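Contents: one structure, followed by commentary.
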C-alpha cells in the first residue's frame with residue numbers, strides 16, 4: 001500500500017508555509033507527491049462527480065488531497081485521481097473557515113476523511129460530516145526549522161499583512177527606535193518556497209517579538225470578514241521562540257494559549273503598542289525563547305498532525321516512525337535545557 005499526495009504546489013504569496021508542510025508531509029509519510037493540472041468541471045459535471053467515483057478497493061493506495069481553499073476540494077479530483085480505485089481518500093482543507101463556500105455535503109462523499117484546520121470550525125464539520133471530520137490544526141516544522149536562540153538582535157519584527165498603524169516600516173522603525181527598541185521590517189524573500197521558508201524562520205529566530213494581528217484588525221479582500229483565525233505567522237514565530245504581539249484572534253487561540261506565547265494589544269494604536277512592547281522587551285529573557293520553542297515542539301510540530309492522520313487512516317507509514325522518535329528526543333532535550 002502506498003500513499004499518493006495530491007496538492008496544488010503553484011507558488012503564491014502567503015502560501016509558502018503550506019507548500020513547505022506538503023513537502024514535509026511527503027517525506028515524513030513516504031508519500032508520492034503529485035501536482036495535477038487543476039480540473040475544471042461544468043456545473044453538471046460537478047453534480048455527477050460522486051457518481052463517477054469507483055468503489056473503494058481494499059488493496060488500493062491511500063490518496064491525500066490537500067486543498068488550499070474550498071474551490072480546490074473538487075478541482076483536485078482530476079480524471080486520473082477521480083477514477084483510481086483508492087482504498088481511502090482524505091481531504092485536508094487549509095482555509096477551512098470558508099464554510100459557506102464548500103460544495104454541498106453530498107458532493108464531498110468522494111472523501112472518507114475530511115480534515116479542517118481551524119479549531120473553531122469543529123462544530124460545523126462534525127455536524128456536516130460526522131465521524132469523517134478530523135481536526136488537524138495549524139503547525140510548523142519546529143523540529144527542523146525552529147529555534148530557541150537566546151541571542152535576539154531584533155526586538156520587534158514586522159511580517160505580513162498589517163493595519164495602517166503598522167504598515168509603514170519606516171514610521172514603525174522610528175517609533176520603536178524612539179522607545180529604545182530595535183525594529184526590523186519585512187524580511188527579504190528567497191527565489192523558491194523552500195528558501196523563502198528558511199529565510200522567514202531565520203528572521204523569526206532573531207526576534208524577540210513578531211507583530212501579527214487578527215484578520216479582523218488587519219482586514220484585506222482575501223481574508224474572512226467576520227471569522228478570526230491564526231495563520232502560520234503565529235505557529236512559525238512561536239516555533240522559533242518569538243512572542244507574537246498584536247491584536248490577537250480571540251476566537252482561535254486554542255493551539256497557542258500557553259503563558260508568554262502572546263502579547264495582546266487591547267487596541268491598534270502604534271504609540272500605545274510601542275510602549276507596551278518596550279515594557280515587555282525590558283522583561284524579556286532567553287527563557288522566553290526556550291519555553292516557546294519547547295511548547296511549540298510539544299504542540300505545533302506538523303509531525304503531530306501527520307501522526308493523528310495516520311492513526312485515523314489506520315495506516316502508520318514506516319517513514320513516520322523515525323521522525324516521531326526525533327521529535328520526542330528533541331522535546332526531551334528541550335525539557336532538560338529549561
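The values are calculated or read from the model by the stated rules, or taken from the named source; none is laboratory data. Just so you know, these numbers come straight off a predicted model, no measurement behind them. Please note: Cβ atoms are built from the backbone with ideal geometry, for glycine as well, and neighbour counts cover all protein chains shown.
The sole residue among 245, 237 that is in contact with a strand residue (DSSP E or B) (Cβ under 7 Å, 6 or more places away or on another chain), part of a strand (DSSP E or B), buried (at least 21 other Cβ atoms within 10 Å of the Cβ) and in contact (Cβ under 8 Å) with a residue 24 or more places away in the chain is 245.
Among the criteria (1) part of a helix (DSSP H, G or I); (2) surrounded by fewer than 18 Cβ atoms within 10 Å (Cβ to Cβ), the one residue 277 does not fulfil is (2).
When region 251-265 is limited to residues that are in contact with a helix residue (DSSP H, G or I) (Cβ under 8 Å, 6 or more places away or on another chain) and part of a loop (DSSP other than H, G, I, E, B), the one that is farthest from residue 155 (Cα to Cα) turns out to be 258. Of the strands (runs of 3 or more DSSP E) lying entirely inside region 82-166, those containing at least 3 residues that are without any contact (Cβ under 8 Å) to a residue 60 or more places away in the chain span 88-93. Here residue 227 passes the criteria (1) assigned to a loop (DSSP other than H, G, I, E, B); (2) touching a helix residue (DSSP H, G or I) at 6+ places or on another chain (Cβ under 6 Å) except the one numbered (2). Looking across region 126-174, the residues that are at pLDDT 95 or above, crowded, with 18+ Cβ neighbours inside 10 Å and within 19 Å of residue 281 (Cα to Cα) come down to 147, 148, 149, 152, 154, 155, 156, 157, 158, 166, 172. Taking region 316-338 as the range and being part of a helix (DSSP H, G or I) and in contact with a strand residue (DSSP E or B) (Cβ under 8 Å, 6 or more places away or on another chain) as the test, only 327 passes.
Determine if region 66-74 includes at least one residue that is buried (at least 19 other Cβ atoms within 10 Å of the Cβ), assigned to a loop (DSSP other than H, G, I, E, B) and modelled with pLDDT under 85. The answer is no; no qualifying residue exists.
Just one of 133, 110 is over 20 Å from residue 231 (Cα atoms), more than 22 Å from the chain's Cα centre (by Cα) and assigned by TED's automatic domain parsing to the domain that holds residue 14; which is it? Within the list 133, 110, the selection yields 110. Residues of region 280-300 that are part of a helix (DSSP H, G or I), in contact with a strand residue (DSSP E or B) (Cβ under 9 Å, 6 or more places away or on another chain) and either farther than 18 Å from residue 156 by Cα or not assigned by TED's automatic domain parsing to the domain that holds residue 164 (or both): 296 alone.
Each row is one residue, and each column tells you yes or no for (1) exposed (fewer than 13 other Cβ atoms within 10 Å of the Cβ); (2) more than 16 Å from the chain's Cα centre (by Cα); (3) farther than 19 Å from residue 146 by Cβ.
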{"site": "227", "(1), (2), (3)": "no, yes, yes"}
{"site": "255", "(1), (2), (3)": "no, no, no"}
{"site": "267", "(1), (2), (3)": "yes, yes, yes"}
{"site": "270", "(1), (2), (3)": "no, yes, yes"}
{"site": "294", "(1), (2), (3)": "no, yes, no"}
{"site": "311", "(1), (2), (3)": "yes, yes, yes"}
{"site": "319", "(1), (2), (3)": "no, yes, yes"}
{"site": "323", "(1), (2), (3)": "no, yes, no"}
{"site": "337", "(1), (2), (3)": "yes, yes, no"}
